[in-house]
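Visitor: Questions regarding the structure given below will be posed in turn.
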Amino acid sequence: MTGIAFIDTLIFLFNYLILVFAVFVMTSYVILAVISGFSLKAYLRQNRFVNYKALLALDSAPRVSLIAPAYNEGKTIVENVRSLLAINYNNFDVIVVNDGSKDDSIEILTAAFELVKSETVYKQKISTKDVRGIYRSSNKAFSKLIVVDKMNGGKADALNAGMNVTENPYLVCIDVDCIMDKDVLLKLAKPYLEASGKRIIATGGVVRIANSCIIRSGKLVEVRAPQNFLARIQVIEYLRAFILGRMAWSKLDGLLIISGAFGMFDKEIALRCGGYDTNTVGEDMELIVRMRRYMIEQKEPYAVQYIPDPLCWTEAPESYSILRKQRSRWMRGTIETLFTHRKMLFNPKYKTLGMLSYPYWLFFEYFAPIVELLGLLITFLLVILGFISWKYFFLFLFFVYSFAVMFSMIALYTEEVTFKKYQRLEDLLKLTFVAILEPILFHPFTVYAALKGNWEKITGNKGWGEMTRKGFEKPPG
């Protein structure tokens, strides 16, 4: 074989492999979207007319603790806590864990909710950083609120501290910057009441972007598309992930993650598994995988359920710097979870998790940015050497771009024919516009952030990265 023939063969193989990988990724997205569509339709048919308020009268309704870690959240913490306390549910309390904040979060909480130090003894079922005090309100209106002030140990350590404090059998672990819909606990608790044969160990719901939405007294009163371009793009991202992704994985019994911003857990199983791992920045994903592994290895029937309509609204990063830190951290968390549970890969003992979910995350979530980088580098090399087929190159780019836009539009359409949160035509047009621009202006950034996460993992960077909050929009007057 001549040198030119050898190079032609390598180019053919490169083009073929990139095309096959792209087709596999796109096909998987389409399959997940179809499964999600049918599952969502079935869910709405079964639950659209459920009277969730009837659960309020049930003595058997699960007793729940909402655990909200807080670090430098002073700008939004009062509105957030009010939102949590206003949830429409009887058997619950709210545990805010101040994780060694450097701002005046604890002073703001003390003044707003009339906190006094409690004599409650802190018992460590799971080892955590030292707790400086446990506070309760002297005002009966805030009797459901507990504030734990502790030394800084990170989000996982704060969640474990909340787990130590609670006496309730179920936990809802959330980000304190979230605004919750009033019926959220009623919907999250319903699967636990209906469970028969299988033990429900976790349920998760939808997370949406609250930037530019109007918040009054801890309640979301008007949904708007974000004014900030970067936050608006994240609306599309979240719609794709939650509506067209997690619904399908739940149906397939292969869900590997309950969002750290919003999930309900069986405390007994979480404690048996040792609580949240403080050595990873992906504690939400890692705990779910560990709990699922535990139940399979113990041969106990169980289920993890995703519920598409309980809503948690969170403030998304509006700067590339902060968003890059968030996405790099997510990638490091994914790497750590996949490495920790590598025994599951193609292991039939772990059923769908080992044979489908884990390989999917490994090849299409972890390897995808690396494949994109290699493809870009090789393409540049081919351009320099004069071996590029521009016709094929632009045709392939158009194919990928068109699919990306189409998939985002499907997510937006699905949202509008189901939950219809964006009522204004102006908002729909804004979201459509960013869906068209996202593959060009935003996707390269997410690839860079994922690659940065790989580099940070290799170099031993374990930092969390501070998430500066702007604060929610308030109504005029």
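Visitor: Filter the range 372-430 down to residues that are β-branched (Val, Ile, Thr), surrounded by 13 or more Cβ atoms within 10 Å (Cβ to Cβ) and either part of a helix (DSSP H, G or I) or modelled with pLDDT of 90 or more (or both), then give me how many there are.
Guide: Of the residues in the range 372-430, 7 are β-branched (Val, Ile, Thr), surrounded by 13 or more Cβ atoms within 10 Å (Cβ to Cβ) and either part of a helix (DSSP H, G or I) or modelled with pLDDT of 90 or more (or both).
Visitor: If I filter the range 243-257 for residues that are among the acidic types (Asp, Glu), touching a strand residue (DSSP E or B) at 6+ places or on another chain (Cβ under 9 Å) and not in a helix (DSSP H, G or I), do I get at least one hit?
Guide: yes
Visitor: While we're here: Is the range 296-311 home to any residue that is in contact with a helix residue (DSSP H, G or I) (Cβ under 6 Å, 6 or more places away or on another chain) and among the charged types (D, E, K, R)?
Guide: No, the conditions are met nowhere in the range 296-311.
Visitor: Would you mind finding the one in VAL64, VAL96 that is of a type in the set (A, V, I, L, M, F, W, C) and under 30 Å from THR418 (Cα atoms)?
Guide: Answer to the selection: VAL64.
Visitor: Would you check which residues across the range 179-195 are touching a residue at least 24 places away in the same chain (Cβ under 8 Å) and either in a helix (DSSP H, G or I) or surrounded by 23 or more Cβ atoms within 10 Å (Cβ to Cβ) (or both) and list them?
Guide: ILE179, MET180, VAL184, LEU185, LEU186, LYS187, LEU188, ALA189, LYS190, PRO191, TYR192, LEU193, listed by residue number.
Visitor: Against the condition out of contact with any Pro (no Cβ under 6 Å at 6 or more places or on another chain), surrounded by 24 or more Cβ atoms within 10 Å (Cβ to Cβ) and either at pLDDT below 95 or farther than 22 Å from ALA316 by Cβ (or both), how does GLY263 come out, does it pass?
Guide: So GLY263 passes the test.
Visitor: Related question: Tell me, please, whether a residue that is in contact (Cβ under 8 Å) with a residue 40 or more places away in the chain, over 14 Å from ALA248 (Cα atoms) and either surrounded by 12 or more Cβ atoms within 10 Å (Cβ to Cβ) or among the hydroxyl-bearing types (Ser, Thr, Tyr) (or both) can be found in the range 30-38.
Guide: No, the range 30-38 contains no residue that is in contact (Cβ under 8 Å) with a residue 40 or more places away in the chain, over 14 Å from ALA248 (Cα atoms) and either surrounded by 12 or more Cβ atoms within 10 Å (Cβ to Cβ) or among the hydroxyl-bearing types (Ser, Thr, Tyr) (or both).
Visitor: A follow-up question, please. Let me spell it out: the conditions are (1) in contact (Cβ under 8 Å) with a residue 60 or more places away in the chain; (2) over 21 Å from ARG216 (Cβ atoms); (3) out of contact with any Lys or Arg (no Cβ under 8 Å at 6 or more places or on another chain); (4) crowded, with 17+ Cβ neighbours inside 10 Å, and ARG136 meets all of them except one. Which number is the exception?
Guide: It fails just one condition, (1).
Visitor: Return the residues of the range 26-68 that are farther than 24 Å from ALA241 by Cα, in a loop (DSSP other than H, G, I, E, B) and within 25 Å of the chain's Cα centre (by Cα); say none if nothing qualifies.
Guide: Within the range 26-68, PRO62, ARG63 qualify.
Visitor: Moving to a separate point now. Taking LYS41, is it within 30 Å of PHE403 (Cα to Cα) and of a type in the set (D, E, K, R)?
Guide: yes
Visitor: A further question follows. Out of the residues in the range 105-133 meeting the condition of being under 20 Å from LEU84 (Cβ atoms) and within 28 Å of the chain's Cα centre (by Cα), tell me which one is surrounded by the fewest Cβ atoms within 10 Å (Cβ to Cβ).
Guide: ILE108
Visitor: Across the range 90-126, what is the number of residues that are part of a loop (DSSP other than H, G, I, E, B), in contact (Cβ under 8 Å) with a residue 12 or more places away in the chain and farther than 19 Å from GLU73 by Cα?
Guide: 9
Visitor: Just checking, how many residues over the range 336-360 are assigned to a helix (DSSP H, G or I) and either surrounded by fewer than 20 Cβ atoms within 10 Å (Cβ to Cβ) or among the polar types (S, T, N, Q) (or both)?
Guide: Residues flagged as assigned to a helix (DSSP H, G or I) and either surrounded by fewer than 20 Cβ atoms within 10 Å (Cβ to Cβ) or among the polar types (S, T, N, Q) (or both) within the range 336-360 amount to 14.
Visitor: Something else: ILE214 fails exactly one of the following numbered conditions: (1) within 19 Å of LYS75 (Cα to Cα); (2) buried (at least 22 other Cβ atoms within 10 Å of the Cβ). What is the number of that condition?
Guide: Going through the list (1) within 19 Å of LYS75 (Cα to Cα); (2) buried (at least 22 other Cβ atoms within 10 Å of the Cβ), ILE214 breaks only (2).
The values are calculated or read from the model by the stated rules, or taken from the named source; none is laboratory data. Please read all numbers here as calculations on a predicted model, not as lab measurements. Cβ sites come from the backbone with ideal geometry, for glycine too, and all protein chains shown count toward neighbours.
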